[in-house]
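Asker: For reference, the structure I am asking about is given below.
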Amino acid sequence: MPNITLGIIGSGQLGSLLCQAAKKLNIKTIIISDDKEGPAQKFSDQFLFADYNDKKKIKEFINKADIVTYEFENIPIKILKNIDKKKRVLPKPYINQIVQNRKLEKTFINNLGIKTTEWAFINSFRDIKKNQRLLPGILKTNTLGYDGHGQFVLNTLDDIQKNRSFTDDYILEKKVNLKKEISIIITRFSKDKLYIYEPIENIHKNQILKYSKIPANISDEIFKKAQQNAKLIAEKLDFIGTMCVEYFIDQNDVLLVNEIAPRVHNSGHLTINAFNISQFENHVRAVCGLGKDKVIKIANAEMINILGKEIEEYRKKSLSADEFFFDYGKKKIKDKRKMGHLTTLKK
Ligand code: ADP
Ligand code: MG
């Protein structure tokens, strides 16, 4: 029986689901989070409420954890690197540095010979003017984006003021006429040891994931290529743990990487019920060095994300045997906030 305490940075639903997976494996958990009400504290063995710059609390966290992972990627890189000096942080902090910066992320992917949307780095109106070929496009903050935050649609140059001051760095991406979005969840345990879940088909509404399902309705060719790209990315990053590669498929069936999430991912929630080993359990196994176990698919599945007030309806709903309702137990209902999800197993 392992005697390991896993440190987790962040206390949202991903943290909750990681703690539950750890419990199943007899691994203890300690969470550090700057959200006093973070729902994951209900599932962790220990909880530290702290600002991530609070050196004393970080020290306590380091002392109590044997190994450290995180549920979100927008953690100041200096903090991750500092922790890593004392206790191993997995996935490695340098990976986070690449992936939390859209310019570095896309450059890394393109250098592997993998296609992304066409894009350019922007920090002035002139840069946009120079890259008019990318319009209609989406201007995205170069760092700290999630669930569509920090994104602006630019149909023409008139959509942006000439005198706008660019205090942040951005990238401008060509708007893709999407046929479909898919994602690959992959867990890498060590060199040559990995598990790649089958592609998941995703539907976003207002840039937030609304619906996921397996099997994805895609060609064998795209199925294979999506998995191969994810494998190459995981290997080149020397990734340990679970990560997600989000893809676009355009109208000509061209597969483009949208972005990489260096962590468990919302589109992988259906793995909890559709497989014997979920993305969360695989992540805990990988970062804690428990090794790979055989993954078996149990059923096809679909997942609906429950946002904001929708949760009230679901809380009253009676469930059938093939429906699995997850209420994240967040205290405040906010518009567009991820409050829970429902997975339905299918034949
Ligand atoms: P976040 O980092 O907030 O998840 P993404 O870049 O993944 O942002 O964008 C969120 C969603 O917005 C995507 O899943 C997709 O539905 C839509 N989107 C983003 N970029 C593009 C694009 N270049 N073309 C078409 N749709 C896009
Ligand atoms: Mg995304």
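None of the figures in this text is laboratory data; all of them are computed from the coordinates on show. As the structure is a prediction and not an experimental result, all values here were calculated from the model. Every residue, glycine among them, receives a Cβ derived from its backbone with ideal geometry; neighbour counts consider all protein chains shown.
Asker: Tell me the residue from G7, G15 that is more than 19 Å from I272 (Cβ to Cβ), in contact with a helix residue (DSSP H, G or I) (Cβ under 9 Å, 6 or more places away or on another chain) and of a type outside the set (V, I, T), please.
Answerer: G7
Asker: Here's a follow-up. Can L270 be described as within 15 Å of I214 (Cβ to Cβ) and not β-branched (V, I, T)?
Answerer: Yes, satisfied.
Asker: Another question, then. Would you kindly identify the strands (runs of 3 or more DSSP E) lying entirely within the stretch 173-222 that contain at least 2 residues that are closer than 18 Å to P262 by Cα and more than 10 Å from ligand 1 (Cβ to nearest atom)?
Answerer: Where strands (runs of 3 or more DSSP E) fall fully within the stretch 173-222 and carry at least 2 residues being closer than 18 Å to P262 by Cα and more than 10 Å from ligand 1 (Cβ to nearest atom), they are 178-190, 193-196.
Asker: If a residue has to be free of Cβ contacts under 8 Å to residues at least 40 places away in the same chain, within 16 Å of ligand 2 (Cβ to nearest atom) and assigned to a loop (DSSP other than H, G, I, E, B) to count, how many in the stretch 122-157 make the cut?
Answerer: Residues flagged as free of Cβ contacts under 8 Å to residues at least 40 places away in the same chain, within 16 Å of ligand 2 (Cβ to nearest atom) and assigned to a loop (DSSP other than H, G, I, E, B) within the stretch 122-157 amount to 2.
Asker: Might you check whether a residue that is more than 20 Å from H283 (Cα to Cα) and within 18 Å of the chain's Cα centre (by Cα) occurs anywhere in the stretch 59-76?
Answerer: There is at least one residue in the stretch 59-76 that is more than 20 Å from H283 (Cα to Cα) and within 18 Å of the chain's Cα centre (by Cα).
Asker: I'd like to check which helices (runs of 4 or more DSSP H) are fully inside the stretch 238-347 and have at least 1 residues that are under 25 Å from P2 (Cβ atoms), touching a strand residue (DSSP E or B) at 6+ places or on another chain (Cβ under 7 Å) and not basic (K, R).
Answerer: Fully inside the stretch 238-347 and qualifying: 271-274, 279-287.
Asker: Also: Give me the pairs: first residue in the stretch 50-65 and touching a residue at least 60 places away in the same chain (Cβ under 8 Å), second residue buried (at least 16 other Cβ atoms within 10 Å of the Cβ) and aliphatic (A, V, I, L, M), beta-carbon distance under 6 Å, and six or more apart or on different chains, which are they?
Answerer: Note: pairs meeting the criteria are A65/I30.
Residues checked against (1) more than 24 Å from N101 (Cα to Cα); (2) crowded, with 17+ Cβ neighbours inside 10 Å; (3) of a type in the set (S, T, N, Q):
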| residue | (1), (2), (3) |
| --- | --- |
| L144 | no, no, no |
| D158 | yes, no, no |
| K162 | yes, no, no |
| K180 | yes, yes, no |
| I186 | no, yes, no |
| Y197 | yes, yes, no |
| Q227 | no, yes, yes |
| K236 | no, no, no |
| C244 | no, yes, no |
